[in-house]
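The values are calculated or read from the model by the stated rules, or taken from the named source; none is laboratory data. Only a predicted model underlies this, so the values are computations on that prediction, with no experimental measurement involved. Here the Cβ positions follow ideal geometry from the backbone for every residue, glycine too, while neighbour counts run over all protein chains shown. For accessibility, only protein heavy atoms count, side chains too; no ligands or nucleic acids. Shrake-Rupley method; radii C 1.70, N 1.55, O 1.52, S 1.80 Å.
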Amino acid sequence: MQRAIRGVCLNTRKLDYSSQALNWSRLSTACQSSFMKCDVPAGSSPEAIKELCGDVDVLVVKEMTMDRAVVLSLPPSIQLICEAGTGFNNIDLEACNERGIKVANVADYSSDSVATLVMTAILNFSASVLPIAAQTQATTS
């Protein structure tokens with residue numbers, strides 16, 4: 001029998017900032033209830049982070065610095081680091097590659113919102129919405 005995948009989110013507050021609003025059930029199910037949530041204090045040593053990881057297989061992080069020292073100190077059980085956002089700039093990919101740790105992100109994270117914002121800006125600038133709104137407000141005051 002293959003053992004259950006174990007995972008940990010190292011900085012839960014970055015993801016669940018409204019406290020208890022985020023539904024972790026799918027991760028818990030995927031890890032067969034072997035998913036932990038914790039918050040690593042800023043500036044924690046690589047050794048402290050390693051201790052929090054225990055013998056998990058998957059780390060979930062959000063904008064947490066995973067520099068070379070941290071990646072190289074991770075337990076050998078770590079197989080995947082998931083960035084719960086779009087970028088990898090906080091993770092030392094070279095160190096992960098050396099360790100054979102895969103790195104993934106959420107590729108479509110907020111794509112619709114970005115597209116909406118861009119289209120709104122284009123319409124705003126092409127139709128001079130802000131100057132017209134300011135002029136309208138000035139004449140009605």
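Data for the structure
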quantity	calculated
Where a residue in region 129-141 is free of Cβ contacts under 8 Å to residues at least 60 places away in the same chain and β-branched (Val, Ile, Thr) and its partner, wherever it lies, is open to solvent by 90 Å² or more (accessible area, probe 1.4 Å) and part of a helix (DSSP H, G or I), with Cβ under 9 Å and at least six apart	129/123
Count of residues meeting criterion [within 30 Å of residue 61 (Cα to Cα) and β-branched (Val, Ile, Thr)] in region 97-135	6
Which listed residue is of a type in the set (A, V, I, L, M, F, W, C), free of Cβ contacts under 8 Å to residues at least 40 places away in the same chain and more than 23 Å from residue 27 (Cβ to Cβ), from 123, 80	123
Candidates 39, 92, filtered to the one that is in contact with a helix residue (DSSP H, G or I) (Cβ under 7 Å, 6 or more places away or on another chain) and closer than 20 Å to residue 26 by Cα	39
Residue tally, condition part of a loop (DSSP other than H, G, I, E, B) and modelled with pLDDT of 90 or more, over region 30-82	7
Output for region 60-77, where each listed residue is open to solvent by 30 Å² or more (accessible area, probe 1.4 Å) and farther than 14 Å from residue 94 by Cβ	63, 65, 76
